[in-house]
Structure formats: C-alpha cells, structure tokens
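Remarks on the structure that follows.
Since every read-out is calculated from the coordinates, none of them should be taken as a lab result. What you are looking at is a predicted structure, and each value in this text was computed from that prediction instead of being measured. Cβ placement follows ideal geometry from the backbone for every residue including glycine, while neighbour counts extend to all protein chains displayed.
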Amino acid sequence: MANFSVNINGQIHSLDIDPTTPVLWILRDHLNLVGTKYGCGIASCGACTIHLDDKAMRACVLPISAIGNKQITTIEGLSEAGNHPVQQAWLEHDVPQCGYCQAGQIMTAAALLKDNPKPNEDDIDAAMNGNICRCGTYIRIKAAIKTAAEKM
Amino acid sequence: MTLIKTSIGRRSFIKSTALAGGGMMLGFSWLASCKPSASELLTMPKEWFKINGYLKIGENGIVTIMSPNPEIGQNVKTSMPMIVAEELDIDWKNVMVEQAPLDTSIFKRQIAGGSQSIRQSWQSLRMAGATARHMLKEAAAKLWNVPVSEIDTEAGVLFHKKSGKSAGYGSMASAAAILEVPKEVKLKNVEDFTIIGTSRNNVDGRKIVTGQPLFGLDYRQEGMLIAMIVHPPAFGLKLKSYDETGIKSMPGIKDVFKIHVYNDDYIKEGLDTITFNDLVVIVGNTTWEVMNAKKVLKIDWEPITTTKETKSMWGNTIEVTTPAGLENSDLHSERMKSTAISSAKVVRKDGDPASAFKKAAHIIERHYNAPFLAHNTLEPMNFYANVTAENAELVGPVQTPEFMEKSVSARLGLPLEKVDIKMTRMGGGFGRRLYGHFLMEAALISQKMKSPIKLIYTREDDMTSGIYRPAYQATYRAALDENKNLIAFHVNTGGIMDSPLSANRFPAGAVKNYLAEEWEVPSNITIGAFRAPGSNFIAGAEQAFLDELAEEMGKDPIEMRLELLEKAKNKPVGEKNDYDPDRYSGVLKLIKEKSDWGNSAPGIHRGIAAYFCHNTYVAHVLDIVMVDKNPVIKKVTAAVDCGIVVNPIAATNLAEGGIIDGIGHSMYSAITLKDGVSQQNNFNTYRLIRHKEAPKEIEVHFVKNNIDPTGLGEPLNPPIVGALANSLYKATGKRYYSQPFMGEQKIIG
C-alpha cells in the first residue's frame, strides 16, 4: 500500500492503495466514477480511455503509481454540463446503439481534436482504430467527429 | 380506423407522489445548445396518476411511459414508448421514459431476441396508449357533460369544438385514472401518425455521452462485494480440486469456494445452457484485489466423462450427449465433412432431385464453412445479486429476465414472486445474454456470502466460456439442363451442434426439384444463438452460391433472382414456402434502382445479395475498390422492407450496425480450438472489425408501406456476407468460401 494524491476532473483525491492498481478500477471501485468502462483489461478495446493531461490513455493498464502530477480527466469531467462539442456532436448524430464503448470513443475523439483540430479521414481512422464498437457505429462516430471539428 | 378489443389489466396503484416532486429535468429535445432553453426543461409533476401499467400522467401533463423490453442497443427504449405516445396523442417533448419492471401480468414478452420486440408488442403498445387516451376523453366528457364522441385530442390537449372547451391531459388525469377500462378502443389510422415514422433521438443519449451509470457493470449497492469465477481452461475439463492456501490472506479477499450451478437432477430448458457447472469463486472487496487473487489460485482439473443428459427443449424432452475429449478445430472440420455424407436427414424434398441431377447437362457444386464465434458483448457478463432467506434481488444485463426468474426460483427454492429481476441497459447482447447462467451464479454466490455481491467476468472468462455461434459447413449443388435452365437445387448443411438450415426459404418454392438436408455433430463445445442464428452463416453461403449459379447461367444476378421469385409467385412448388415473393422482389427492385445497378463507375466491384429472415426482407449491394492490391469497402447500399419504420434515425443506425457486424465477423473473426483450448481469449487475438475496416459509406433505403412493423436487430447481418463474398470475387477474381475471408495480415479499409 502507498499514498497517492491525484487530480481527477479538477479534484484532488487522496488514496492509500496498492500502487499497481490500474486507474480504471480506482475510478470505478473507489471513486464511483463508472463512466470509464472495462472492456478487455489489456488496452486492446479503448472502452477505458481517459485523458492524462491532454493525451488519450487506456486506464485499464495504467497503474496509479505512474500518474505523478499529471491530471486525469474522465468522461464525467470532459465538460461541466455535458456540452463538449464532441458530446454535442454525438447527440446530434444519435451515435450510440448499446452505448457501452461510447465514453471511450468520445474521450479518444476529444484528445484527437485537441491535438489536431482539423483531422482528415486517415487521421480519424488512425486515432480511432484502437476503440472497438461492437455494435458498429463507426460511420456515425466519424461523422460526429467531423461535425465537432467544424464547431470547435 | 381500427377498432380493437382491449386486454389491459387494472392498475394496482392509481395515484403516487412523485419522488422528485417539483424538480426539473431535461427533455429529450435538449440537444446541442450550451444552456437548455426554458421550453426544453420539464417540470416534474407533484403527483402521478397511473392510467395503466404502461403509463402514468402527472398533474402538469408530463407523461411517463414504461419501456417493457430489455435494451441491448436495438433502441427499443425509445421506439416502444414512441408507439404508446402516438396512440396517447401526446407531444414527445413531454414524455419521460422508464425501464419497466419485469411484470408478465402487464407486459407481453419481456425478451430481447429474435428481432421480435416491436413486432410482437405493436398491438399491445398501441392499445395501452389508445386506452389511456379514451379514458382521458371520457373524463373530459363527464366533466363538460358532452358526448365522448365529440371530444378530440391533439398533442396532450383535450378539446370540445362546439363549446370551445379545452383542457390538458394533466388536469383530467386524476378523473381518468379511476374510470373503468374501456372494452374496445379505436386505433389511429397509419396516415395520421405524427410520432411513428419520425426520427427521435435515443432517450438515454445524454446519459451515455456523459458517462452516467446505466449498465449492469455500473450498478452498485452499499456493502456490495466483488466476485469472480475461475472456470476450466479447456472444454472437456472439469474442476478436480483447488488450493486456496495463501489466497484467503491476500489483501481484500473475503472467501474462496466452489459452486455447483445447476443441481444434477434439474431438467434444463433451452436457455439454461451452461458450459462449466462447477466453478471456483473468489470474493473480495474490490475488482483489482480479486483479479490478483485469481491469477495465483492453484486449481487441478480433470477430464470429463461422456455424459447423457435429459433436457426440455420448448416442451420436447430430448437426450443430449456431451462427449469426453479435448477437441481441435481440424477434427471438427473432418467430423463435419464425414457426418454430412453419412448422417444427413432430409428436411424437405420436392419433385425428384436425384433423377434431375442424373440427367443434368451441368452440375455446379460448392462448399462453404464458417468457424465458431464469440459474441463479445463489450460489457462482459456480470450480475448483481442480493439473496436472503426470504427473497432474491437480481440486477443486471440479461435478455431473458422472464425465463431466468423461473430458473432462479427453482434453484433457490424461493417462490416466483420473491425473485425480483431488474433490467439494466446492456452493453450489447447479440444472443449471448439469452443464456443467464451468470445470473444464477451471482445468486448462488450471494446466498453463500450472505451479502450483496456483483459477479464480473473478465474478458478472458467471457471469451473462453463457450456458448459460441456454432461452426458450420454447407454444400450447395445445382443442376442445369443443356439450355442452362435450373432444374434442381440441393442444400446439405449442418454444424457443431446445430443445423443452420431453414428448408422452406427461397429458393425453395421456385425450383421444381429441390432437396434440403441437415445434420449435427456432437461436441463438448457449447453453442448458442448468435445474432440471426443459422441465417448468419447460411444466407452468405446461399447468396454466394446463387451468384455463381447466375454466372453459370449467363444471367444478371438480380434478374436471375427476380425470375425465380416470379416462378415462386405464379406457380409455387410446395405449400410451406415461408416468404412473400412480392416483398422479396420489392427489395431487389429497390436496390437495383437505388444502387444504379449496372451503371457503376470504373474500378468499382459490386456484389449483390438478398435474404428474408426474422420477418424482414433485405437486399444489399456492396462496392469494393482495390487500393494497393487490397480490397477497400467503399459503400454499402441496403434496401429493407420491415413494414412501418417506427423511428427512422434509430432504424438506420441499427441497419448500419448490422451491416458492419456481418462484414466484420465474416472477414476477420474466429474462435479456433486446440486440445479443447480456445486459441483466442481477448481482443489481441480475436479480431473484431475496427474503424479503418468499416465501409466508408452506408446508405439505407426502406420500402414505404403501411404493413405492421417487423424487426431490424438481425435481418441486416445475414445477406451482407453474401454481398461481400460476391463483391470480393469481382474485385479479386477469386471466390471466397471459407470464413473468415481475410487472413491475419490483410487489412481492409
């Protein structure tokens, strides 16, 4: 066990915890932030995507000990009123089917647009390829990213 | 206008105080604005008046509609309430939706499966809305002392033209709630629909994009422990012993024990499928702690012996043999080939196929196969359970709560009314959650722990515990005379341990000499329904074969199908044909028009396929372009006849998903077995379609008619496999018979 002080969605949380614990389970089990999903546990599906500072990261393989002073942002903290342009575009295109992967898709898309505000098709494919949507909403996701890019 | 007899029960509680009385909530119309305007906010009522089991009306006119069926991503939580709202005649922006409780005395068929939710509940949902509307009209007629026939409604307002009187539904709700339920009610004319047929966004959309708790895995209660199971590493093995030394003292670990899921004398029914009945369970405080303990637990396994079991399959008692042994995919393939020759049973025979094949001028024979598939719902199997001596509370994702309530009641010895199953939104279903053994496991773990628990499967547990889409093979043969007319058709198909045959589907009925045979190979690999069961393989095989047949006959593949359908319409062979040739031709004609068939641009390679299953007719055209010698799917055009389209934006989404799902699995996915061990256990070894590989564009066209709606969850998948195989042939010059079509290295997209 070790003590960690981490900034999550702008709030400082102090945790006395096994340092190998992945951020995913800290969010879900300890802080009741369940928007970040478990899908594979090996960084192969993207359902657990969060932002570490502004970079998209897979929380399922990211131990709490690796966070240091970096700031974690989860889907719950992406925007104050659920009105990030990516979230708005998702609603406009009615993207979700089951909805389980969508928080991860949104977090990856938001990080992409922060880094590259006007991505082309190949940029979108490259950035999003690690996020599986089992229902197959890929076409709407791409359309929503383009809409969000126009509005940002 | 249709007059129908009502069969709606009395409600038990008429009035209730709103829990969040006086508060505000966001309506569904809230979309993209940073700050919702006042008109987009709903004021919560202070009191609710329950008109029937499907709906309650607040004193301020806000309506809550219950969505009866499990939501797995097919969007019934929006489309089913839309049907109630239509007949109630209410403005959609004043509607709130709640997931209904499991209550078979009120709701019909609370199941997500078979693409049947809309089709089978269409009348009861309309009746619920129409009954409530009628009762509101009666209440107004009484108050205003006018005949009920003179009362009209529009978008939540009752009015009497002659006197000029009007009132909102909210002000009449308390009077309406105590009236007798009418014996018959009038339903709206399809032409008068104002909600059905218009696009309404997902009612959970905002919660999904902001990460609110919705799914079973998100559910928690105070004092809840986390449980995980360890199952045998191979099919054909079972638990021998385990050594919990060192595990129980690991941080956060509460207990390690064995559960025997179904009792040995229990007669299992169709949905009680379970692969491993003896499991080791680890219970602890948090997921990570339990995962760590799971990694170090020492377990000895032993081979199973061949067992015979009596099962009840939809009322029929059958004997099922589970053979011992550690099976391999190569062995499966050989066994299927030999069984197809040695043990095929004739399911349908028209004319004299044997003589027709004997005198044929040309015979074309082709073989098709597909592997086991795992459903891989992105939310793995999980369930919350709190079982006490008196009752069982179970919360989570299951497609068959109605069925599992009975199984749990029998296993725990609790009366049915003491078993309460609550439905959460599901992170995918695809048929996997029809089999609720994980719910039973959760119940037994909670019972043993005397504590609320949540059972979580890891991805590896989920992918390697069976209940797979069966592995299939099919042989198609066709006989042509010297003028290349089709004179006989033969299909022989089967799988492990299931046959994908639907013998009365097209082209049955269109060919004079027709033979359909099937067989099954026993195995200890468990199988289950997978989105469009059977059809998900046989449609692709059949449609690829018809493409080769058309080529052999020198005909355009659409014209060849239309000619056969014309025969099936004018002079059908046999009486059991289960499709409507006109509707089938209808989607082919629509796809021909919408895809501009026959006029594609240079470099575009097109494949066509059509199929009818789950009561819906579908045709696809798939366009491939070659980029650096690799096929890229440029566009898919779909024509669909599902009758009335309830919610076009969601229907199109589901169609797109079905197309991508069908392409993905037939191109990339497989479970293969070596010595009983699945060689794929997570998404680094099991390949699912990803962003890059999805078609660049999908265009969905619905046939416009006023036929009662059918479903869309499954019918889009099966024919896309055929369209893909036929398009790949045009693009590469090679026919594709074995799924997955693409090897590990080839990336499409």
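Can you work out ³J(HN,Hα) from phi for every residue in region B:267-284, in order, using Karplus 6.51 cos²θ - 1.76 cosθ + 1.60 and θ = phi - 60°, giving whole Hz and x for Gly and Pro?
7, 6, 9, x, 9, 8, 3, 9, 8, 10, 7, 10, 10, 9, 10, 10, 10, x
Arrange A:Trp25, B:Trp301 by Cβ neighbour counts within 10 Å, fewest through most, would you?
On the way: A:Trp25 25, B:Trp301 16.
Starting with the residue having the fewest Cβ neighbours, the order is B:Trp301, A:Trp25.
Give the shape of chain B as rounded, prolate or oblate, defined through the alpha-carbon gyration tensor: a ≥ b ≥ c are the square roots of its eigenvalues, a/c under 1.5 means rounded, and otherwise the shape is prolate if a/b is larger than b/c and oblate if not. Working shown, then result.
Values: a/c = 1.87, a/b = 1.16, b/c = 1.61.
Oblate, because a/c is 1.5 or more while a/b does not exceed b/c.
Provide the gained length on full extension for the span B:Lys555 to B:Leu179, in nm with one decimal, where the gain is 0.36 nm per separating residue minus the Cα-Cα distance. Display every interim value, and only then the final one.
Working: separation 376, 0.36 × 376 = 135.36 nm, distance 6.51 nm.
Net length gain for the segment: 128.9 nm.
So which helices of chain B fit the span-like rule, where a helix is a whole DSSP H run, its Cα atoms reach 24 Å or more along the axis, and its mean Kyte-Doolittle is at least 1.6? Let's see the in-between values first.
Numbers: long enough: B:117-144 (39 Å, -0.35); B:535-553 (26 Å, 0.06); B:648-668 (29 Å, 0.45).
Helix filter hits for chain B: none.
For B:Asp641, B:Asp152, which order do you get if you count the other beta carbons within 10 Å of each Cβ and list the fewest first? It would help to have the intermediate numbers written out before the result.
Working: B:Asp641 26, B:Asp152 14.
Ordered from fewest to most neighbouring Cβ atoms within 10 Å, B:Asp641, B:Asp152 come out as B:Asp152, B:Asp641.
What shape does region B:433-582 have by the C-alpha gyration tensor, where a ≥ b ≥ c are the square roots of the eigenvalues, rounded means a/c under 1.5, and otherwise prolate means a/b greater than b/c and oblate the rest?
Details: a/c = 3.38, a/b = 2.93, b/c = 1.15.
Prolate.
With θ set to phi - 60°, apply the Karplus curve 6.51 cos²θ - 1.76 cosθ + 1.60 along region B:679-695 and write out the HN-Hα couplings as whole Hz, x wherever there is a Gly or Pro.
These are the phi-based 3J(HN,Hα) values: 7, 10, 9, 7, 6, 7, 10, 9, 8, 10, 4, 10, 2, 4, 8, 5, x Hz.
Non-local amide H neighbours of B:Lys238 (under 5 Å, H modeled in plane, Pro and chain starts lacking H): which ones?
Answer set, sorted by chain and number: B:Glu302, B:Ile304.
How do B:Leu237, B:Leu716 line up, fewest other C-beta atoms within 10 Å first? Don't jump to the answer; show the numbers that get you there.
Details: B:Leu237 21, B:Leu716 32.
Result, fewest neighbours first: B:Leu237, B:Leu716.
Which whole number gives the average, over all residues in B:196-202, of C-beta atoms from other chains lying within 10 Å of the residue C-beta?
Values: counts 0, 0, 0, 1, 1, 6, 7.
Across the residues of B:196-202, the mean count of other-chain Cβ atoms within 10 Å is 2.
Going through the cross-link list B:Lys311/B:Lys674; B:Lys258/B:Lys422; B:Lys592/B:Lys704; B:Lys238/B:Lys418, which pairs have a Cα-Cα distance over 22 Å in this structure?
On the way: B:Lys311/B:Lys674 28 Å; B:Lys258/B:Lys422 26 Å; B:Lys592/B:Lys704 16 Å; B:Lys238/B:Lys418 33 Å.
Distance filter (> 22 Å) returns B:Lys311/B:Lys674; B:Lys258/B:Lys422; B:Lys238/B:Lys418.
Given labels modelled 7 Å from the Cα in the Cβ direction, how far is it in nm from B:Thr388 to B:Thr307?
Calculated label separation equals 3.4 nm.
What's the ranking of A:87-100, B:566-579 by average number of surrounding C-beta atoms within 10 Å, highest first? Intermediate values should be presented prior to the final figure.
Values: A:87-100: 26.1, B:566-579: 14.9.
By packing density, highest mean first, the sequence is A:87-100, B:566-579.
Quick one: among A:Ala47, A:Ala81, A:Ala56, which has the greatest mean-square fluctuation in a GNM of chain A with alpha-carbon springs under 10 angstrom?
Sorting by GNM fluctuation, first place goes to A:Ala81.
Can you work out the FRET efficiency for the pair A:Ser65 and B:Asp582, with r the C-beta to C-beta distance and R0 = 60 Å, to the nearest 0.05? Write out the running numbers ahead of the final one.
Working: r = 67 Å, r/R0 = 1.11.
According to the calculation, E is roughly 0.35.
What dipole magnitude, in Debye to the nearest 20, does chain B give about its Cα centre under +1 on Lys/Arg Cβ and -1 on Asp/Glu Cβ? Mind dumping the intermediate values first?
On the way: 87 positive and 84 negative charges, 169 e Å.
Charge dipole of chain B: 820 debye, to the nearest 20.
Show the residues, 5+ positions off or on another chain, whose built amide H is closer than 5 Å to the amide H of B:Ile487.
Correct list: B:Ala479, B:Leu480, B:Asp481.
In nanometres, what is the gap between the two model label sites at B:Asn483 and B:Asn263, each 7 Å from Cα along Cα-to-Cβ?
6.9
Using only Cα atoms, locate the centre of region A:109-152 and the centre of region B:569-618, then give the distance between them in Å, rounded to an integer.
Taking the Cα centre of region B:569-618 as reference, the centre of region A:109-152 is 34 Å away.
Less than 13 Å apart at the alpha-carbon level, and either on another chain or at least 8 residues along: which aspartates and glutamates does that give for A:Lys118?
Candidates past the 8-residue exclusion: A:Glu150.
Report the per residue volume, in Å³, of the convex hull enclosing the C-alpha atoms of the protein assembly as shown. Don't jump to the answer; show the numbers that get you there.
Working: hull volume 155.0 nm³, N = 901.
With only Cα atoms used, the protein assembly as shown gives 172 Å³ per residue.
Pulled fully out, how much extra length does the chain show between B:Lys696 and B:Glu575, if you take 0.36 nm times their separation in residues and subtract their Cα-Cα distance?
Numbers: separation 121, 0.36 × 121 = 43.56 nm, distance 4.26 nm.
Computed gain between B:Lys696 and B:Glu575 is 39.3 nm.
Starting at the first residue of region B:196-209, write each ³J(HN,Hα) from the Karplus equation 6.51 cos²θ - 1.76 cosθ + 1.60 with θ = phi - 60°, in whole Hz, x for Gly and Pro.
4, x, 10, 7, 10, 5, 3, 5, 9, x, 5, 5, 5, 6
R0 = 45 Å: FRET efficiency of B:Glu191 with A:Ala81, Cβ-based, nearest 0.05? Don't skip to the end; give the middle numbers.
On the way: r = 41 Å, r/R0 = 0.90.
After rounding to 0.05, the efficiency reads 0.65.
With a 10 Å cut-off between alpha carbons and a GNM built on chain A, which of A:Ala66, A:Ala109, A:Ala127 moves the most?
Looking only at A:Ala66, A:Ala109, A:Ala127, the biggest GNM fluctuation is shown by A:Ala66.
Sequence-distant or interchain residues sharing an amide H contact under 5 Å with B:Arg200, placed H: which?
B:Ile649, B:Ala650
To the nearest 20 Debye, how big is the dipole of the protein assembly as shown about its Cα centre, given +1 on the beta carbon of each Lys and Arg and -1 on that of each Asp and Glu? Walk me through the numbers before you get to the answer.
On the way: 99 positive and 99 negative charges, 157 e Å.
The calculation lands at about 760 debye.
Using the structure shown, list the pairs from B:Lys358/B:Lys576; A:Lys55/B:Lys692; B:Lys142/B:Lys162; B:Lys108/B:Lys576 with a Cα-Cα distance above 23 Å, or answer none. The partial results should precede the final answer.
On the way: B:Lys358/B:Lys576 26 Å; A:Lys55/B:Lys692 21 Å; B:Lys142/B:Lys162 15 Å; B:Lys108/B:Lys576 28 Å.
Exceeds cut-off: B:Lys358/B:Lys576; B:Lys108/B:Lys576.
Restricting to DSSP H runs of at least four residues, report the calculated mean residue ellipticity at 222 nm for chain B, -39500 (n - 2.57) per run over all residues, nearest 500 deg cm²/dmol. Provide the component values of the computation, followed by the final result.
Working: 15 runs with 200 residues, N = 749.
Taking each H run of at least 4 residues, the total per residue is -8500 deg cm²/dmol.
Rank A:Thr36, A:Thr49, A:Thr137 by mean-square fluctuation in a GNM of chain A with C-alpha springs under 10 angstrom and give only the top-ranked residue.
A:Thr137
So what is the 222 nm mean residue ellipticity for chain A from helices alone, if each DSSP H run of at least 4 adds -39500 (n - 2.57) and you divide by all residues, rounding to the nearest 500 deg cm²/dmol?
Working: 4 runs with 44 residues, N = 152.
After summing the helix terms and dividing by the residues of chain A, the value is -9000 deg cm²/dmol.
I'd like the FRET efficiency for B:Glu593 and B:Lys629, computed as 1/(1 + (r/R0)^6) with the beta carbon distance as r and R0 of 35 Å, rounded to 0.05. Display every interim value, and only then the final one.
On the way: r = 33 Å, r/R0 = 0.93.
According to the calculation, E is roughly 0.60.
With contacts defined as alpha carbon pairs under 8 Å and 6 or more residues apart, what's the relative contact order of region B:471-732 in percent? Numbers along the way, then the final one.
On the way: 495 pairs, mean separation 55.5, N = 262.
Relative contact order, region B:471-732: 21 percent.
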